[in-house]
1. With respect to A:Val132, is the statement that it is touching a Ser or Thr at 6+ places or on another chain (Cβ under 8 Å), within 30 Å of A:Gly216 (Cβ to Cβ) and more than 9 Å from chain B (Cβ to nearest Cβ) true?
2. With the requirement that a residue be in contact (Cβ under 8 Å) with a residue 60 or more places away in the chain and either more than 9 Å from chain A (Cβ to nearest Cβ) or hydrophobic (A, V, I, L, M, F, W, C) (or both), what does segment B:30-44 give you?
3. Just the residues that are away from every other protein chain (no Cβ under 14 Å) and buried (at least 24 other Cβ atoms within 10 Å of the Cβ), please, taken from segment B:307-350.
4. Determine which member of the set B:Leu426, B:Leu370 is buried (at least 16 other Cβ atoms within 10 Å of the Cβ), at pLDDT below 90 and either away from every other protein chain (no Cβ under 14 Å) or over 14 Å from B:Val193 (Cα atoms) (or both).
5. State all residues of segment B:157-206 that are farther than 18 Å from B:Leu412 by Cα and assigned to a helix (DSSP H, G or I); if no residue qualifies, say none.
6. List the number of the failed condition for A:Val223; all other conditions in (1) modelled with pLDDT under 95; (2) in the same structural domain as A:Ala174 (by TED's automatic domain parsing) hold.
7. Of (1) within 14 Å of chain B (Cβ to nearest Cβ); (2) farther than 17 Å from B:Leu446 by Cα; (3) surrounded by fewer than 22 Cβ atoms within 10 Å (Cβ to Cβ), A:Gln152 satisfies all except one. Which?
8. Restricting attention to segment B:84-123, which residues are of a type in the set (Ser, Thr, Tyr) and either surrounded by fewer than 22 Cβ atoms within 10 Å (Cβ to Cβ) or at pLDDT 95 or above (or both)?
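The values are calculated or read from the model by the stated rules, or taken from the named source; none is laboratory data. For clarity, every value in this text was computed on a predicted model and none was experimentally measured. Here the Cβ is made from the backbone with ideal geometry for all residues, glycine too, and neighbour counts use every protein chain on show.
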Amino acid sequence: MGSEHAPRCACLLLFLAIPLLTAGCGPEGPYPAREIRLVVHASPGGISDAVSRHVSRGLQERLGVPVVAENRVGAAGSLALSFVARSQADGYTIGYAPVDMTIIPHLGYSRVSLGDFEYLTLHTRAPAALAVPASTGWTSVDDFIAAGRERQINMGTSGSGSIWHLAGLALSRAIDVPLTYVPFSGSGQAVTALLGGHVHAVVAAPFEVDAHVRAGVLRVLAVMADERSPLLPDVPTFSSLGYPDLTIDAWGGFLAPRGLAPDRRERLLQALTDVLASDEFARFARERGLEVEVRKGEAFEQFVQQESERFGHLVAQAGLGLAGAR
Amino acid sequence: MPIFDPATWLYLSAGVILGIVFGALPGFTATMGLAILTPLTFWLPTDQALAMLFGLLCAAIFSGGIPAILINTPGTPASIATTWDGYPLAQQGKAGLALGVNAFGAFVGQAISILVLALAGYPLAAFALRFGPAEYFALAVFGISMMVSISSESLLKGLLMGMLGLAISVVGLDPIMAYPRLTFGSGAFIEGVSFIPVMVGLFGVAEVLMQVYARAPHRLRHPLPLERIVPSGRELREMAPHALLGSIVGTGVGIIPGAGGDIGSMIAWGQSRRLSSTPGAFGHGSLQGLVASCTAANAAIGGAVTTMLTLGIPGDAASAVLIGALLIHGLQPGPMLFRDRPELASDIVMLLLMASFLTFLVGLAGARPLARILTIRDEILWGLILIVCVLGSYALNQAQVDVWVMLVSGALGFVLRQARFPMGPLVLALILGPMAEANLRRALVLSQGDVSVFLTRPIAVVLLAITAGSLLWPLIRRRSRRSTGLNSDRD
C-alpha cells in the first residue's frame, strides 16, 4: 500500500467508525436517558410559557437530562395537545395542560379528546377577579348588580370562548344581570380598555390587574374562588357573598400521552412535585401572582372531567363557536 | 450608576450580540430572543439583567434592517418599510451607505423615543389610553390609506394587492363570535394565517426566486471595497427632517398599545414621501425614505417601553416579555414604579440609552463587513437565505403548516412580482386588516350598532379627517394648479 493511499484509508476508517459513535443510541439505559421535551401551547412571553420554562429548568436539575420547553402554537392550543397525544408514550414528550383544553372541544373546532392523555399534575391556579375602574364608585358586587339592572354593562373579555369570557357568562347567570361582552385579543388588551374607560368591567386573573389595583386605578369587587387571593387579601370571594357555585379559575397542569409506563410516570411525577414544592418555584409563582396547587394523577383527571362538563354547559347556553351554528 | 459598572457593559454587549443575531435572521424575532433570555437573567442583579434584555431589544430591531437592505428580506416585521428604499440602495452598490444610515437612524429613533420616555412618558402614555375600539379603527383606516402611497407604479395593482391582503386577514376565528371562517374545517388556520411566515415567503423566498430567474441582469452590484458608510453633510441635512418625522411617528405609534414598529415605520415612510420635495425617489433608493422608516421602527421601542413602564400595560409581545422579566426581579411596572422609585426609572432610561449607543457603535463598525455578505457567491447566498427562511418560519410556532404557508407565499410573491404587483399594500393589509375589523366590531358592540360613534369621538374624527384629507390632497392640488394655470407636470 503506497503512502498516497494513507489519507484515503484514514477516511475510510473514520467512515467505518461512524457506527461506533451512534452505539449509545441502541438499547437505552434507565429512564430518563435523553432529552425530554415539554410542549407548550402558547407563544414565548405569556404566563404558560414562563411557567414551563421555569419548571423545565427545575426538571433538568432533578432528572439529569436536558428538558426543553417547546412552543407549538396554533389552532387555539389544540395543535400542541394533539402533538402530545400523537407522540410516543415513552416519557420523553410531556405537555402543558391549559384550562382551555376543557373549553375548546365544546366550541367544536378541535378534535382533541380528554381521553388521549395521562394526567400528571395540576400546578397553578389563578381565580377570576371582577375588576372595575376605581372611578365608577362601585365598591361592592351589590353596586355592580344595581348598576347592571339600570343600564348596559360592557364587559371586556380576553376573547370569545376564553376562560374569562365563560367566567363572565357564569357571573351574569349567577347575579341575574345581562352583560354585553366585548372580546379583545387577550387579557392585556381588555385591561387596557378598562383603564381607558372604554368598557365598564373586566374579568381577569388577579395578577393581570393587581398592579393597577395597588395604583388605585382599578378596584376588584370579588374573586370567583373559595378562598381569598393572596394577591388581593382585602377582596371578598363570591362564595362568601352568597354565590357558592361561582368559582372559576384559569388553571394549568402537565400531561403526557396516554399509555405511559407506570415507572416512568412515577419518575416524572416525583421530579415534577419536587420542582413545584421548591422554594424557588414558590417565589416565582408569588411574583407572577399564581397560586401553586398540586393535584396528582386521578384527582387531576377527575378535576379536568368536571371542568369540561361545566364549561360544556356554559358554551352550549351561550351558543358560542360552531356549537352556536348547529 | 449602571454606566460606571463594567459588568453591566459586559452583559449589555452579550445582549446586543444576541439581539443582532435574532433580529437579522428573518423569522426569528426580538420577542423570541427576549423570551428565551429572560429565564437566564433570573440569577443576575437587576441592572445587569435589564442591560442584557434592553441590549437585545434595541439591537434586534436595528439589525432587522440589515437583511432588509442586503437581501430585501425584513429581519423583523418592523423593518418591512426599510426594504423599500434600503434594497434599491444596495442594488445601486450603496449597501454600506444604507447600512450606515440604518445604524444612524436606529440610534436617532431610539434615543429620541427614550428621551420622550424620560421627559413626558406618563402623560403621553395616559393619553394613549384614550384609544378605544373606535380610535383603533380610525388608526387602522389611516394606516390602510397608506396603500395608495406605497403602491409604487400602478395604483390599481396596489389596491388589488391590498384587497388580497384584507381577504387573507379574515381567515381564522371571527374576533367577536369565535366562529371559524375559511378554515375549510381544518384546525391549521383557526388562528388565521401567521403573518411572519407570509412575510418571510413574500420577501425572502420570492427574492431568491427572482434572482435565480432573472440571473445576470438582476444581479446585485457588489459594493466597492472603499465604499463609504457615513452619509455626507448634505445628505445628513436632507435626511434630518425625515429622521425627526420618523422618530415622532414611531414614538407616537409605539406608545399606543397594540400598535408597533411595523405599523409605525410604514406610516412614517408614507408621510415622509408626502412631505418630501423628491417623492419620486421614494422606493428607488431614497435616503429620506430609508431614514424615515429606520427611525420610526426603532422609535417604537421607546414608545412601547414607555407604555409598559408607566402604565404596566404590555403594548406589544416584546414588552409583555419585559414585564415578566421585571417581575422576576421584583419590579412591578406601572404608575407606582415611577412614583415610588424614581432612581430606578432613571437607571432604566440610562440602560436603554446605553443599549442604543452600543447598538449604534456595533452597527457602524459592522456596516462594512456586513456589506461584504453580498460578495458571497450567489448560489451559496441563495441557499443560505432559503435555509434561514425555512428555519425562521418553523421556529415561530414549530408548526409544519407555517413552512407551507411560507413556501406558498414565496411562490405567490414571485409570480406577483414578475407581474409587477407591489408587496407593500399586501403586508400592510395583513397587519392592519385584523386591527380594523376587530375594532370596528368592538366599537359597534359598545355603541349597540350606532355608527355615529366614529364621528363623535374626537381622536377618531381627527384620524379619519387626516385620512380623507391625505387621500383627497392630490386631487385638490391638481385642481388648484389647473385653475391658477401653473404647469402641473412638474412632479
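1. Numbers: touching a Ser or Thr at 6+ places or on another chain (Cβ under 8 Å): no; within 30 Å of A:Gly216 (Cβ to Cβ): yes; more than 9 Å from chain B (Cβ to nearest Cβ): yes.
So A:Val132 fails the test.
2. Those that are in contact (Cβ under 8 Å) with a residue 60 or more places away in the chain and either more than 9 Å from chain A (Cβ to nearest Cβ) or hydrophobic (A, V, I, L, M, F, W, C) (or both): B:Ala30, B:Met32, B:Leu34, B:Ala35, B:Thr41, B:Phe42.
3. Step one: filter segment B:307-350 for residues away from every other protein chain (no Cβ under 14 Å), giving B:342-350.
Residue satisfying the conditions is B:Ile348 alone.
4. Details: B:Leu426 fails: at pLDDT below 90.
Matching residue, one of B:Leu426, B:Leu370: B:Leu370.
5. B:Gly187, B:Ala188, B:Phe189
6. (1)
7. With (1) within 14 Å of chain B (Cβ to nearest Cβ); (2) farther than 17 Å from B:Leu446 by Cα; (3) surrounded by fewer than 22 Cβ atoms within 10 Å (Cβ to Cβ) applied to A:Gln152, the lone miss is (2).
8. At the first step, the residues of segment B:84-123 found to be of a type in the set (Ser, Thr, Tyr) are B:87, B:113, B:122.
Of everything in segment B:84-123, those that are of a type in the set (Ser, Thr, Tyr) and either surrounded by fewer than 22 Cβ atoms within 10 Å (Cβ to Cβ) or at pLDDT 95 or above (or both) turn out to be B:Ser113, B:Tyr122.
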